[in-house]
Amino acid sequence: AGVLGLGAAGAWRLAERVSWRHRTVWIGVAGVLVYAGWAFFFQNVIHKSRHVLPLIPLLLIPLAAGAATGWRRAGGRRALVVGAAVAYGTVTLVLVHQHRAPSAIAQAKTFIVHQAEQATPTRVVSVPLVNTYLSAQEVEAQYVSVEDSSAVRRVRAASTGQTIVVGTYAALLDRPPTRVRRFYHNPFVNRMWPEVAVFVYDH
C-alpha cells in the first residue's frame, strides 16, 4: 500500500512537471519498456531476480517524488510517509537477518557431508545443477543424475554404502528411505530452492 500510494503520487507529480515533448523522455520510456519485456519474457525473474535490478533505480524516482510531496504536506500525509518507511525498514531488517543464515541447499550440503562420513561409498542422486553445486563444495560422493536412467538402475541394484537422493525423487529407488530431512529458508530472501528434501537409503 505504501509503495502504490507513494508511487502513484510521485508519478502524478512527475507527469505534471516533465515535458513529454522532449525526445529524451520518450527514449527513456522506450528503453524501460524494451528491457522490462525482455526480462519478463526471456529471463527467469522468479528464481534469478537480478535481472530486475536495472529497473529499481527508475522505480525509486516516483517513490522519492511521492515521499517528497507527502512530506511537504504536514499532518496525515507525513504520517503515512513515516509509516511506509518504518514498515519497509522493518521488513528489510528481518530479511537481512535471515540472509545471514545458511540457505536450504547449504543446510542440505552440511547434512550430506555428515552422512558421507558415516558410510562409504556414498552416492548422491539429483538433478545436474544440484550435483554440480555439491561437487563444487567438495562433497566427497559419487554423483548420479536423475536424467541418466541406466545409472539410476545401477543405484537401485547397489548392495553397499548409502544413497542420498536430493529433491523430490524418492520414488526412484522404489522403497522407503531410512531417513528423511527437509531444509528451508525464507523464499523472499532467495527464490532458489527455498525447500530441499533429502532422502537417505542404507544398503
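The values are calculated or read from the model by the stated rules, or taken from the named source; none is laboratory data. All of these numbers come straight from a predicted model, not from anything done at the bench. Ideal geometry is used to build each Cβ from the backbone, glycine not excepted, and the neighbour counts take in all protein chains shown. We work out accessible area using only protein heavy atoms, side chains counted, and drop any ligands, DNA or RNA first. Shrake-Rupley method; radii C 1.70, N 1.55, O 1.52, S 1.80 Å.
Report, to the nearest 10°, how far helix 2-17 tilts away from the longest principal axis of the Cα atoms in the chain, using its own Cα long axis and a range of 0 to 90°. The helix 2-17 is inclined about 40 degrees to the chain.
Rounded to two decimals, the Cα-based Rg/Rh of the chain, with Kirkwood Rh, is 1.19. Mean-square fluctuations from a GNM of the chain, with a 10 angstrom spring cutoff on Cα atoms, peak among PRO57, PRO187, PRO128 at PRO57. If the segment from HIS47 to GLN118 were pulled out straight at 0.36 nm per residue, it would be longer than the present Cα-Cα gap by 22.2 nm. Taking the 1.4 Å solvent-accessible surface of the range 1-104 as the whole, the part contributed by carbon and sulfur is 72%. The length gained on full extension between ILE27 and ARG78, counted as 0.36 nm times the residue separation minus their Cα-Cα distance, comes to 15.0 nm. Measuring r between the beta carbons of GLN137 and LEU55 and using R0 = 25 Å, the FRET efficiency lands at 0.15.
Cα axis of helix 23-42 to longest principal axis of the chain: angle in degrees, 0 to 90, nearest 10? So the inclination is approximately 20 degrees.
The relative contact order of the range 53-203, computed from alpha carbon pairs under 8 Å that lie at least 6 residues apart in sequence, is 23 percent. From the Cα gyration tensor of the range 145-189, with a ≥ b ≥ c the square roots of its eigenvalues, which class applies: rounded if a/c is under 1.5, or else prolate if a/b is larger than b/c, or else oblate? Prolate.
Simple rule: put +1 on each Lys or Arg Cβ and -1 on each Asp or Glu Cβ in the range 45-131, find the dipole, and look at ILE61, VAL124, VAL86; the Cα lying farthest toward the positive end is ILE61.
Counting only alpha carbon atoms, the long axis of helix 104-116 and the longest principal axis of the chain meet at about 20°. Counted residue by residue at 0.36 nm each, then reduced by the alpha carbon distance between them, the extension gain from GLU147 to ALA106 reaches 12.5 nm.
The helix-only estimate of mean residue ellipticity at 222 nm for the chain, built from DSSP H runs of length n ≥ 4 each weighted as -39500 (n - 2.57), is -17500 deg cm²/dmol after division by the residue total.
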